[in-house]
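Engineer: This is the structure I have questions about; it appears just below.
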Amino acid sequence: MTRQYFSARRVLVTGGAGFVGSHLIDRLIAAGDQVLCVDNLFTGAKANIAHLLGHPRFEFLRHDICWPLFVEVDAIFNLACPASPIHYQHDPVQTTKVSVIGSINMLGLAKRTKIPILQASTSEVYGDPTQHPQTESYWGNVNPIGLRSCYDEGKRCAETLFFDYHRQHGIKVKVARIFNTYGPRMHPADGRVVSNFVMQALRGEDITIFGDGSQTRSFCYVDDLVEGLLRLMGTRDGFTGPVNIGNPVEFTIRELAELVIELTGSRSKLVQLPLPSDDPTQRKPDISLARAELDWEPSVPLRAGLEKTIAYFRQLAN
Ligand code: NAD
Ligand code: UDP
């Protein structure tokens, strides 16, 4: 593994015991970095980092980033935030706090130590988009008072903070707008569509399609996302993003359900349930900027990524 992405020695990953964070840490450790993983284990799990606990270059700190943190590091990946709708709607005030107060604390740390900081933002900043596919210049179509707003508006405010710290204090910021990502170590009960469908298929339960299943998402395998995040952190000084990181191949939710049934060999039936409020009808990233600035594009097709994800959930179930 090369270290060409960036040359930090001590890397702080907030939310590092989560799904994406734990994969990112695996890459950083493999590249020779020292990693401080900070996580309050709200949705993350020690099991995701158990294989690293005795590693000499890995340290875990149980901490809520809504409280200040005084550590000495050379770069920050700020991933702490519940990401699935059922998790972020469980305590919506805390969800906004982690994006706003948590970001202020991490930006304060970056300001004091003069280090670069990357924010895990989201395609949710586009809301239910009226532009398709979504480019970074699109300002979005977001309900400020709905059930998803704690997450969407929290992440939008976090982006505002990142850009104001950049303009006001000269902090080197990198903002990634992450589109739906899936893979091993997703929480089996997080309610996200890939984990839900795979768990339901493996258990022979009905596959719950919300609405008529014609809404679309574009699914990125976690290894592709991590590669994009590392490349973004390694971009030239002055490049801030925001930059879309996602897989531009779009599927309807019904197509996803059918593929999961095919790959698991399940006899589960598809059933329709009401569509949750403010559920975006379509989502697909325009990744021209990521191609140009990061020389990045995803390489794992949905079928191949799902096979690995299904294998993970099968082994969890045993
Ligand atoms: P996840 O829930 O698995 O990971 C989030 C981690 O943050 C968990 O380990 C959780 O315990 C931790 N956390 C939550 N609140 C915290 C707090 N106050 N202090 C410290 N730690 C805290 O979710 P994920 O899918 O790995 O998402 C990681 C990041 O990427 C999130 O910021 C999310 O918004 C963003 N993102 C993910 C996706 C996706 O499809 N996975 C899409 C867009 C954006
Ligand atoms: N979805 C579904 N059945 C489920 C879980 C989700 O049909 O059991 C749908 C959901 O309504 C949405 C899409 O799948 O249209 C993606 O949902 P997810 O929660 O994974 O992510 P997000 O809506 O944040 O993109």
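The values are calculated or read from the model by the stated rules, or taken from the named source; none is laboratory data. If you're wondering where the values come from, they're calculated on a predicted model, not measured in any experiment. Ideal geometry is used to build each Cβ from the backbone, glycine not excepted, and the neighbour counts take in all protein chains shown.
Engineer: Please work out if residue 32 is under 21 Å from residue 233 (Cα atoms), surrounded by fewer than 21 Cβ atoms within 10 Å (Cβ to Cβ) and not polar (S, T, N, Q).
Structural biologist: Details: under 21 Å from residue 233 (Cα atoms): yes; surrounded by fewer than 21 Cβ atoms within 10 Å (Cβ to Cβ): yes; not polar (S, T, N, Q): yes.
So residue 32 passes the test.
Engineer: Output yes when any residue across the stretch 39-46 is buried (at least 16 other Cβ atoms within 10 Å of the Cβ), in contact with a Pro (Cβ under 7 Å, 6 or more places away or on another chain) and touching a residue at least 12 places away in the same chain (Cβ under 8 Å), and no when none is.
Structural biologist: yes
Engineer: Next up: Can you spot a residue in the stretch 67-85 that is hydroxyl-bearing (Ser, Thr, Tyr), within 16 Å of ligand 2 (Cβ to nearest atom), free of Cβ contacts under 8 Å to residues at least 60 places away in the same chain and crowded, with 20+ Cβ neighbours inside 10 Å? Give the derivation first.
Structural biologist: Pass one, the stretch 67-85, residues hydroxyl-bearing (Ser, Thr, Tyr): 84.
From what's left, within 16 Å of ligand 2 (Cβ to nearest atom): 84.
From the residues that got through so far, the ones that are free of Cβ contacts under 8 Å to residues at least 60 places away in the same chain too are none.
Within the stretch 67-85, none of the residues are hydroxyl-bearing (Ser, Thr, Tyr), within 16 Å of ligand 2 (Cβ to nearest atom), free of Cβ contacts under 8 Å to residues at least 60 places away in the same chain and crowded, with 20+ Cβ neighbours inside 10 Å.
Engineer: Then there's this: So, of the residues in the stretch 252-308 that are hydroxyl-bearing (Ser, Thr, Tyr) and modelled with pLDDT of 95 or more, which turns out to be nearest to residue 131 (Cα to Cα)? Can you show your working first?
Structural biologist: Here is the first cut: in the stretch 252-308, the ones hydroxyl-bearing (Ser, Thr, Tyr) are 252, 264, 266, 268, 277, 281, 288, 299.
After this cut, where a residue has to be modelled with pLDDT of 95 or more as well, the list is 252, 264, 266, 268, 288, 299.
On the way: 252: 17, 264: 35, 266: 36, 268: 35, 288: 15, 299: 25 Å.
Of everything passing the filter in the stretch 252-308, 288 is nearest to residue 131 (Cα to Cα).
Engineer: Quick check on residue 176: is it touching a strand residue (DSSP E or B) at 6+ places or on another chain (Cβ under 8 Å), assigned to a strand (DSSP E or B), buried (at least 18 other Cβ atoms within 10 Å of the Cβ) and small (Gly, Ala, Ser)? Write out each step before concluding.
Structural biologist: Numbers: touching a strand residue (DSSP E or B) at 6+ places or on another chain (Cβ under 8 Å): yes; assigned to a strand (DSSP E or B): yes; buried (at least 18 other Cβ atoms within 10 Å of the Cβ): yes; small (Gly, Ala, Ser): yes.
For residue 176, the condition - touching a strand residue (DSSP E or B) at 6+ places or on another chain (Cβ under 8 Å), assigned to a strand (DSSP E or B), buried (at least 18 other Cβ atoms within 10 Å of the Cβ) and small (Gly, Ala, Ser) - is met.
Engineer: While we're on this one: Need pairs with beta-carbon distance below 8 Å; first residue closer than 23 Å to residue 105 by Cα and modelled with pLDDT of 65 or more and within the stretch 1-16, second surrounded by fewer than 19 Cβ atoms within 10 Å (Cβ to Cβ) and β-branched (Val, Ile, Thr); sequence gap 6+ or separate chains.
Structural biologist: Note: pairs meeting the criteria are 12/71.
Engineer: Let me ask another. Can you pull out the residues in the stretch 47-66 that are buried (at least 23 other Cβ atoms within 10 Å of the Cβ) and within 8 Å of ligand 1 (Cβ to nearest atom)?
Structural biologist: Keep residues of the stretch 47-66 that are buried (at least 23 other Cβ atoms within 10 Å of the Cβ), which gives 48-49, 65.
48, 65, listed by residue number.
Engineer: What residue, of 313, 219, is over 16 Å from the mean Cα position of the chain (by Cα) and touching a residue at least 40 places away in the same chain (Cβ under 8 Å)?
Structural biologist: Values: 219 fails: over 16 Å from the mean Cα position of the chain (by Cα).
Exactly one residue qualifies, and that residue is 313.
Engineer: Quick one: which residue in 283, 254 is of a type in the set (Lys, Arg), within 27 Å of residue 118 (Cα to Cα) and in contact with a strand residue (DSSP E or B) (Cβ under 8 Å, 6 or more places away or on another chain)?
Structural biologist: Answer to the check: 283.
Engineer: Among (1) outside any loop (DSSP other than H, G, I, E, B); (2) more than 10 Å from ligand 2 (Cβ to nearest atom); (3) in contact (Cβ under 8 Å) with a residue 40 or more places away in the chain, there is one condition residue 237 misses while meeting the rest; what is its number?
Structural biologist: (1)
Engineer: Cβ-Cβ distance below 7 Å, separation of 6 or more or different chains: which pairs start in the stretch 137-148 with a residue that is part of a loop (DSSP other than H, G, I, E, B) and end on one that is surrounded by fewer than 12 Cβ atoms within 10 Å (Cβ to Cβ)?
Structural biologist: Short answer, once both residue conditions are applied: 146/277; 147/277.
Engineer: When you go through (1) surrounded by fewer than 24 Cβ atoms within 10 Å (Cβ to Cβ); (2) in a helix (DSSP H, G or I) one by one for residue 98, which number turns out not to apply?
Structural biologist: The number of the failed condition is (1).
Engineer: Still on this structure: Can you tell me which residue in the stretch 297-316 is surrounded by the fewest Cβ atoms within 10 Å (Cβ to Cβ), limited to those that are in a loop (DSSP other than H, G, I, E, B) and within 16 Å of ligand 1 (Cβ to nearest atom)? Give the derivation first.
Structural biologist: Within the stretch 297-316, the subset in a loop (DSSP other than H, G, I, E, B) is 297-301.
Subsequent filtering for residues that are within 16 Å of ligand 1 (Cβ to nearest atom) retains 298, 300.
Numbers: 298: 26, 300: 19.
Checking each candidate, the answer is 300.
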